[in-house]
Amino acid sequence: MKMKSIITEIAKKGFFLLFIGFGGLLSSCNSNSNESIEIPESPVPENATISISPLQFNSAKMELGTMTDHGFHQNIKTNGIIDVPPQNRASVSVYFGGFVKTLSLLPGTQVRKGEVLFTLENPEYLEVQRDYLEAVARIDYLKSDYERQKLLAEENVSSQKNALKAQSDYQVTAAELETLKEKLKLMNIDFKNLSTTNLKSEISVRSPLNGYVTQMSISIGAYLNPQDVALSIVDTEHMHVELGIFEKDIPSLEEGQLVKFKVQGNDNKTMDAKIHLINRYINPETRIASIHCHLIDENDRVDLFPGMHVEAEIFTNTRSGSSLPFDAVVDDDGYYVLVLRSADENSYEFEQKEVKIGKLSEDQMEILNPNDFKPEDQFLVKGAFNLIGE
């Protein structure tokens, strides 16, 4: 019992000494803290007045402006590609097979409508030209014989059978001649100037439209069949934006709505388009429909290529609202602006006022409480952050 009493007494004294030491440490910490920590200044309160000199105003390149009406939109974000209409694409093939004789194109080469793309060679081309010249040589005789036999039959000098035979021979040869003419047209051979002295075993394949060669699948010496595609051409004069839109967003769309888009790799440039057509078919698997948009500025075609991926915003339900530039509104535990109250040769006096903001559009911020200000009020639209943030 005596030993237990001694231990208890030592514990009490130890606790008391520990308490004194801990109290001294706290006192020491508080003393050092008061000497080294600076208490931050309170933020500038609402309705506070801020004064600056004209020199400060000009050197900081500050600017004044008024509240304006601006269009604010609801938007739908989507993506798509740059494309061209089907009539601006061409897959070049031939009507008559042959061996590629000359070719001087590369993917990316610009071509004009009617320009020779490549030439083919085949002895069979000579046979078509020969058949045409033979038909030309026979047609005059057959026509003359038919007219003679017809006249003799009418005068009962010759039988009707001979007249019908002459008529049949003439009409068959005339049909053959017209068929051969069309074949020669498809071969790009001028049948009007064709003679026995200028027969050719080579034909030229010409471009069906203006554009750029995109794909090639032939080479010199290769045989090109009529069903083969030799190369592809794309006309980029009428590029458009093809976007995908989810089923739920389709009711918000109308033709003529503004579309702003960017291409990958060039986020600094935004281009404008308008909805031209809305596809009435929804893909049953993806629940997406396509919309066709025309460029507003055709000069933007310079930076675009078919197949480019784009990110776009479609602006719907536009409404007007009071606004200020982004730089006029400062976020400082609330949104504040500086309103000019007086200005003279000695100073500019501003009053800090709180604003409520709504939608954002381009470089403008919607102000929801414009009635708290006068129409003639001027705001610091450049440089407010440096003053309110101080």
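Every read-out reported here was derived from the displayed coordinates using simple, explicitly stated rules and does not represent laboratory data. Small disclaimer: the values here were computed from a predicted structure and weren't measured. Heads up, the Cβs are rebuilt from the backbone with ideal geometry, glycines too, and the neighbour counts pull from every protein chain shown.
Here is how the numbers come out for the structure above:
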item	result
In degrees, nearest ten, helix 2-36 long axis to first principal axis of the chain (Cα)	60 degrees
Sum of side-chain charges, residue 298 neighbourhood, beta-carbon under 13 Å (Lys, Arg +1; Asp, Glu -1)	-3
Cα centre as origin, Lys/Arg/Asp/Glu Cβ charges: the chain dipole, Debye	1580 debye
Length-normalised contact order of the chain in % [C-alpha pairs under 8 Å, at least 6 apart]	26 percent
Sum of side-chain charges, residue 224 neighbourhood, beta-carbon under 14 Å (Lys, Arg +1; Asp, Glu -1)	-3
Positive-end residue of 123, 49, 307, charge dipole of the chain with Cβ unit charges	123
Within-13-Å neighbourhood charge of residue 53 [Cβ basis; K, R +1; D, E -1]	-3
Segment 68-128: trypsin sites (Lys or Arg not before Pro) in DSSP coil with no more than 16 other Cβ atoms inside 10 Å	112, 113
Label point distance in nm, residue 79-residue 300, each placed 7 Å from Cα along Cα→Cβ	1.8 nm
Hull shadow area, averaged, the chain [alpha-carbon convex hull, nm²]	50.0 nm²
Above-threshold pairs, the threshold being 29 Å between Cα atoms, out of 274/382; 77/353; 61/353; 161/192; 113/181	274/382; 77/353; 161/192
Alpha carbon centroid spacing (whole Å) that separates segment 51-89 from segment 259-316	20 Å
Top positive-direction residue, dipole computed over the chain with Cβ charges, set 99, 339, 204	99
Mean separation of Cα contacts under 8 Å (6+ apart) over length of segment 135-211, as relative contact order %	26 percent
Ellipticity estimate at 222 nm from DSSP helix runs (n ≥ 4, -39,500 (n - 2.57)) divided over the chain, nearest 500	-9000 deg cm²/dmol
